[in-house]
1. Within the stretch 69-102, how many residues are part of a strand (DSSP E or B) and more than 19 Å from THR42 (Cβ to Cβ)?
2. If you go through the stretch 199-214 one residue at a time, how many are open to solvent by less than 30 Å² (accessible area, probe 1.4 Å) and within 23 Å of VAL251 (Cα to Cα)?
3. Going residue by residue through the stretch 105-117, is there one that turns out to be assigned to a loop (DSSP other than H, G, I, E, B), open to solvent by 90 Å² or more (accessible area, probe 1.4 Å) and without any contact (Cβ under 8 Å) to a residue 40 or more places away in the chain?
4. Could you list all residues from the stretch 155-181 that are more than 13 Å from GLY229 (Cβ to Cβ) and open to solvent by 50 Å² or more (accessible area, probe 1.4 Å)?
5. Any chance the stretch 92-101 includes a residue that's open to solvent by 40 Å² or more (accessible area, probe 1.4 Å) and in contact with a Phe, Trp or Tyr (Cβ under 9 Å, 6 or more places away or on another chain)?
6. For the stretch 40-57, what are the residues that are open to solvent by less than 30 Å² (accessible area, probe 1.4 Å) and out of contact with any Ser or Thr (no Cβ under 8 Å at 6 or more places or on another chain)?
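The values are calculated or read from the model by the stated rules, or taken from the named source; none is laboratory data. As the structure is a prediction and not an experimental result, all values here were calculated from the model. Quick reminder, even Gly has a Cβ in these numbers, built from the backbone with ideal geometry, and neighbours come from all protein chains shown. Remember, those area values only see protein heavy atoms, side chains included, never the ligands or the DNA or RNA. Shrake-Rupley method; radii C 1.70, N 1.55, O 1.52, S 1.80 Å.
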Amino acid sequence: MNFKRSTTSMAIALLALSLISMTSIQQDASAAAVQGMAVTVTADRNSDTITLTGTTISKMNDVTFRVTSPSGNNVVAIGQVSPDDNGNFGTQFKIGPTWTENGFYTIKAMQQNSLYSLKVLVEVANGMAKKTSVTESNLETGIYKPYTPNVAKDAGLELYADAVLGSTTIEISGTTDRVSQDITLTVTAPNGNKVSVGQVSPMLNGEFTTTITTGGPLWKQDGIYTVTGKQFDDPKYTASAEVDIREGVVVPEFGTIAAMILAVAIISIIAISAKSRLSIIPRY
């Protein structure tokens, strides 16, 4: 009788040991299945600096970077960093004289194989970056905590107004993280009167662009006109930009000073020319 009890106890113990072993094997397999890396690229509008941060499961290998021009013909930057004990890494790229092309530059982060190789695109125009906040990841799910970019995400509405000296159009552009709602654009004259009201729909990536035409009786007042974009009542979704309008056309920053300098230069040239002509008149 005691022997049977001993046999039963041993069987239960073996069964429990088997269950523990199977659980450990499954956990090890799950841990082994977690592979890959993630990268986030950010840049401010009209900035010459591109910031890259990320994380990788492979902590023992350096991460190398290569930045390729939009045409794919030129490598404009390379780099290499070592991940820290948590697998995090980061680096920055300066837009320099080799970044001569306009378009989307490809930043490739690499470690060892396809699971540790990612590409991210950043748009650059005239040597300055477009506003960028992009994350690419191929981290597989498992017991590893999902990747969270260690950079602040933009929230709300941003609006920019660009124009050329003497132009009768204002180029409006911006970004929003809410793409389901149209943006109302209002232009206010220096005296507080509204001279233009319209709407623009953001694209799926949150970007929007439109053009406002100046001139006409509503734009007869000289001074600073304010372009305001509004999406919701939340202050984060209201943004504005200012444009200097004189005689119905755009005057960018320092435009008045530039015009004064040009006027002085013209007067000086006329005066010198008149004096030169007087000096060559024969005297009797």
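1. So the count comes out to 3.
2. 2
3. Filtering the stretch 105-117 for residues assigned to a loop (DSSP other than H, G, I, E, B) gives 111-113.
From what is left, the residues that are open to solvent by 90 Å² or more (accessible area, probe 1.4 Å) are 112.
Imposing the further condition that a residue be without any contact (Cβ under 8 Å) to a residue 40 or more places away in the chain reduces the set to none.
No, every residue in the stretch 105-117 fails to be assigned to a loop (DSSP other than H, G, I, E, B), open to solvent by 90 Å² or more (accessible area, probe 1.4 Å) and without any contact (Cβ under 8 Å) to a residue 40 or more places away in the chain.
4. Answer for the stretch 155-181, where residues must be more than 13 Å from GLY229 (Cβ to Cβ) and open to solvent by 50 Å² or more (accessible area, probe 1.4 Å): ALA155, ASP162, VAL164, LEU165, THR168, GLU171, ASP177, VAL179, SER180.
5. Among the residues of the stretch 92-101, not one is open to solvent by 40 Å² or more (accessible area, probe 1.4 Å) and in contact with a Phe, Trp or Tyr (Cβ under 9 Å, 6 or more places away or on another chain), which makes the answer no.
6. Residues satisfying the conditions are SER47, THR49, THR55, THR56.
Let's see how each residue does on (1) over 16 Å from PHE232 (Cα atoms); (2) in contact with a helix residue (DSSP H, G or I) (Cβ under 8 Å, 6 or more places away or on another chain); (3) in contact (Cβ under 8 Å) with a residue 40 or more places away in the chain:
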{"site": "LEU159", "(1), (2), (3)": "no, no, yes"}
{"site": "VAL179", "(1), (2), (3)": "no, no, no"}
{"site": "ASP182", "(1), (2), (3)": "no, no, yes"}
{"site": "THR186", "(1), (2), (3)": "no, no, yes"}
{"site": "GLY192", "(1), (2), (3)": "yes, no, no"}
{"site": "SER196", "(1), (2), (3)": "yes, yes, no"}
